[in-house]
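All of the numbers you see were taken from the coordinates with simple rules; none came from a lab. Small disclaimer: the values here were computed from a predicted structure and weren't measured. Cβ atoms come from the backbone with ideal geometry, glycine included; neighbour counts cover every protein chain shown.
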Amino acid sequence: DYDVVKVDMENYVYNIEATDGTLDSWRQLWNLCSTGFASNSSYFGLEGKDAAGNPLPGAEVLVDIDNLIDYMVLIFYTGNFDAPTSSFGQNKGCNNFYAIDNRNDRSSGFTFYNHDAEHSLFYYAHNPGIGINEDRVNLAERTDYMKMVVSDFSKFHPQWLHHKLCANAEYRSRFADRATRHLSEGGALSRENVRKRIDNRVEEIDLAIIAESARWGNAKRGDGEPYTRNEHWMEEIRRIRELFIPNRTQVVIDQLLTAGLYSDLEPPLVKVSGEAVTGTTCPVSGEITVSLENPNSAGVIYYTLDGLDPRVVGGGVLPGAWQVSGTGSLQVRGTANLKARIRHNGKWSALREVIFLNQQEDYGTLKVTELHYHPPDWFLDEDTIPGTDLEFIEFLNTGDNTLNLTGLALDTAVRYRFPDNTLLLPEEFYVVASKPAAFFDFYGLIASGNHQGHFSNGGEEVLLTDPAGNPLIHFTYMDEPPWPLMADGTGYSLHAAEMFPTGDPNEAAYWTISYNSGGNPFTHNGPVNNEPLPGTEAGGLLAYPNPTADLLTLHLQQVPASSRLFVTVYNVTGHAVYRGMMGNQSQISFSSLGLDEGLYMIRVESEGITAVARIIVIL
């Protein structure tokens, strides 16, 4: 399933290769780098979003941007001068990286991994590195022979992608946010956390180092004294702990400031009961008073409590964001996602985010709203996608307050544990899918989670428990009257009959069928209609030739030619005999479907447009 890109070092060629899969997707990124990412449409397009940063249903995600940033921050902090480009090759080639993409999952993109990073964490110079002041941030701006250059695809590496992305202001702002988060107190690369991580690793391999020195201690020492644990290893650890870690953070921050990847405005300070909150989460019980302080000499604090960034794309202020001058306090009741920045003369600080997690959550407003327990198989071009891959269960926060879903668990029918720091805003949906990749291909949406196991087609028990294992939502669905029968294999899902359910999901009256065949994940149900073919007859849908002896061309004129069409074919009894995805202006073969002659109804959906047409098949 995966494309795995690495550097081929055999015979010292140092060109990229696909150790698994192909280089096709990696070449696609290379071609996009040639065009550049100065425009927001090109930058956000890497994540399947429009120019405003909003997800485009069905648009492929090419890169995990946050992962790329984290990867580069780690390279910069450690001063690794041998990856993903190397000072040994004057920063003209590629080295020591992995880029991995699941080519069958269009909802995710390339992620990046460090390896073979021994040329890092130096306080003193180690040729060709220069020690504590090693600058891997500004390689492309150098004017000497060490300037980073990538001249052809065979040398393409993640730092070149990062370099090209730096032309975009939104990427630079996002980079500054994550770099500040990692390098600040409490962050992954804060002095205390790096030292703790080093100490844990040293302790873990303490005995192994003795064996290592005995076996390999003189491997590269010639006639010199062999490396030993006490004289050499422990001395290197001392240098890292006492020299590198205390000094490196500010060096890297200065380098990032030079590159425009760090803000010279400090983010707001967040305090609870007078104590600074240094991490990104804070447990609370009931109502607390939170103070926000501006550590800068000027500027205004803007903040939200619903997880929205007070800075909008383009650099403006989010309408509705609260404003604080100097120092201010606010009351936080239960779970909340605080996001705050400081703005001065049109410039923004990095983002300060704290998730307040209610430890005594009231889950009474969490409701199950949809269950697709028996989707039919889905025909996509020449492939058949099992219906079990499209199963999902949906929940809705029907209340007015954000819910902390951390530690909730689905059990019995399927298994899924809600990850740490999972928040659900008021009137927000959470969808747990069987196969997120298939879910994305079918609906164009990214599932919230991935459950293990499958729902029974014949009905079974579903249990959602709280973090302590107590039942929250408990019901048994059935595939016989009085339960909606059309949810059993016809394409429709079980859907709550009320927009904000108040009844018992264990009762058949709680449920109806979805308005759309395939279900309605992440949306409220439309009006229930016994007619299974809502849509406009013909309209902008061209279906020809009609009658047809086999091939039928479908062209939905209201959407671009590049759009994908979700096509359903119904027979005269109203049963779906085919479902699949195809390109606009593509052909469907009736003979290959094994259908008889007769009248059929075709329903086509794409980008919010639905149209139907009657087709006569003469074989």
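Observations on the model:
- Each Lys or Arg adds one and each Asp or Glu subtracts one; over the other residues with Cβ under 13 Å from the Cβ of Phe44, this totals -2.
- Protection proxy ranking, peptides 15-22, 231-238, 446-453, average beta carbon neighbours within 10 Å, highest first: 446-453, 15-22, 231-238
- Centroid-to-centroid, using Cα positions, the stretch 541-560 and the stretch 237-303 are 59 Å apart.
- R0 of 41 Å, Cβ-Cβ distance Thr412-Phe153: FRET efficiency to nearest 0.05: 0.20
- Inter-label distance for Glu231 and Glu607, nm, one decimal - labels placed 7 Å from Cα along Cα-to-Cβ: 7.2
- Cβ charges +1 (Lys, Arg) and -1 (Asp, Glu), total dipole of the stretch 74-146, debye: 200
- Packing-based order for 547-558, 212-223, 299-310, using average beta carbon neighbours within 10 Å, highest first: 299-310, 547-558, 212-223
- As a length-normalised measure over Cα pairs under 8 Å and 6 or more apart, the relative contact order of the stretch 269-358 settles at 35 percent.
- Burial ranking of peptide ranges 489-496, 241-248 (average Cβ count within 10 Å, highest at the top): 489-496, 241-248
- Helix content alone sets the calculated 222 nm mean residue ellipticity of the chain: runs of n ≥ 4 DSSP H residues at -39500 (n - 2.57) each, divided across all residues, give -5500 deg cm²/dmol.
- Shape analysis of the chain places it in the prolate category; the axes a ≥ b ≥ c from the Cα gyration tensor give an a/c of at least 1.5, with a/b above b/c.
- Length gained when the stretch His524-Gln323 is fully extended (0.36 nm per residue, less Cα-Cα span): 69.0 nm
- Here the chain carries DSSP beta bridges of which approximately 90% are antiparallel, counting only pairs with both residues inside.
- Contact order relative to length of the chain, as percent, for alpha carbon pairs under 8 angstrom and 6 or more apart: 8
- Net charge of the neighbourhood of Asn96, taken over other residues with C-beta under 11 Å away and scored Lys/Arg +1, Asp/Glu -1, is -2.
- With the simple spin-label model, which puts each label point 7 Å out from Cα in the Cβ direction, the Ala211 to Leu330 separation comes to 5.4 nm.
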